Amino acid sequence: MKTKPKYYLLDVDGILNNGQFIYSNKGKVGKIFGPDDNDALKILSQFINISFISSDYRGYEISKKRVQKDMGFKINLVRNHERSAWIEKNFDLKKTIFMGDGIFDWITMKKCFYSISCHDSSSLAKKYSKFITKSNSGNRSVSEASFHIIKKFFYKDK
């Protein structure tokens with residue numbers, strides 16, 4: 001039997017949202033999250049363990065509110081320069097799908113079982129992705145990736 005992934009780890013900013021930050025004179029006050037991703041992840045969670053990672057210290061509470069409180073998934077705050085080592089320590093990379101977008105995500109992508117990026121991700125992330133969504137970040141890209149994972153790894157013959 002072919003290996004099936006056990007974990008799906010997603011970067012928040014630039015994947016679940018459009019990567020843009022909303023600032024006021026008081027600092028970071030908002031992020032823009034798109035439709036359908038939560039519903040698709042709920043379906044996918046029947047097959048795989050889903051969690052999120054963020055390196056956005058100033059906007060972490062915004063991401064935590066969306067991911068953990070609204071959606072019900074675990075989120076971890078890890079600095080960019082510690083990310084690769086942290087993921088290797090906490091996940092079996094041979095069974096992990098990683099979805100990222102940024103200039104540092106390729107380091108993890110090349111080590112994981114399977115890697116995904118969005119249409120508007122950095123060129124480095126796309127270079128090391130095994131699947132690139134047609135959708136842009138924050139605009140149903142996670143939903144598209146979720147159904148791709150279900151079809152590719154869990155219902156391949158159906």
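Taken as a whole, the structure places Asp120 among residues that are more than 13 Å from the chain's Cα centre (by Cα) and in contact (Cβ under 8 Å) with a residue 12 or more places away in the chain. Looking at the stretch 44-67, is at least one residue modelled with pLDDT under 95 and aliphatic (A, V, I, L, M)? No, that holds for no residue. Restricting the stretch 1-21 to residues that are β-branched (Val, Ile, Thr) and open to solvent by less than 10 Å² (accessible area, probe 1.4 Å) leaves a set whose member that is farthest from Gly138 (Cα to Cα) is Val12.
Do any residues in the stretch 86-99 that are more than 15 Å from Asn76 (Cα to Cα) have Cβ atoms under 7 Å from those of residues that are of a type outside the set (S, T, N, Q) and assigned to a helix (DSSP H, G or I), where the two are at least six apart or on different chains, and which pairs are they? Listed pairs, sorted by first residue: Ile97/Ile149.
Across the stretch 74-108, the number of residues qualifying as polar (S, T, N, Q), under 20 Å from Ala145 (Cα atoms) and part of a strand (DSSP E or B) comes to 1.
Residue count for the stretch 54-63 under the criterion of being open to solvent by 70 Å² or more (accessible area, probe 1.4 Å) and out of contact with any Lys or Arg (no Cβ under 9 Å at 6 or more places or on another chain): the result is 1. Residue under question is Ser51, and the condition is that it be free of Cβ contacts under 8 Å to residues at least 60 places away in the same chain, within 14 Å of the chain's Cα centre (by Cα), surrounded by 13 or more Cβ atoms within 10 Å (Cβ to Cβ) and assigned to a helix (DSSP H, G or I); does it hold? So Ser51 does not fit the description; no. One residue is enough: does the stretch 22-34 have a residue meeting the conditions open to solvent by 20 Å² or more (accessible area, probe 1.4 Å), under 13 Å from the mean Cα position of the chain (by Cα) and of a type in the set (S, T, N, Q)? No, the stretch 22-34 contains no residue that is open to solvent by 20 Å² or more (accessible area, probe 1.4 Å), under 13 Å from the mean Cα position of the chain (by Cα) and of a type in the set (S, T, N, Q).
Among the candidates Lys152, Lys111, the residue that is part of a loop (DSSP other than H, G, I, E, B) and on the phi < 0 side of the Ramachandran plot is uniquely Lys111.
The values are calculated or read from the model by the stated rules, or taken from the named source; none is laboratory data. Source: prediction; values computed, not measured. Note that we place each Cβ from the backbone using ideal geometry, even for glycine, and neighbour counts take in every protein chain shown. These area figures cover heavy atoms from the full protein model, side chains too; ligands, DNA and RNA do not enter into them. Shrake-Rupley method; radii C 1.70, N 1.55, O 1.52, S 1.80 Å.
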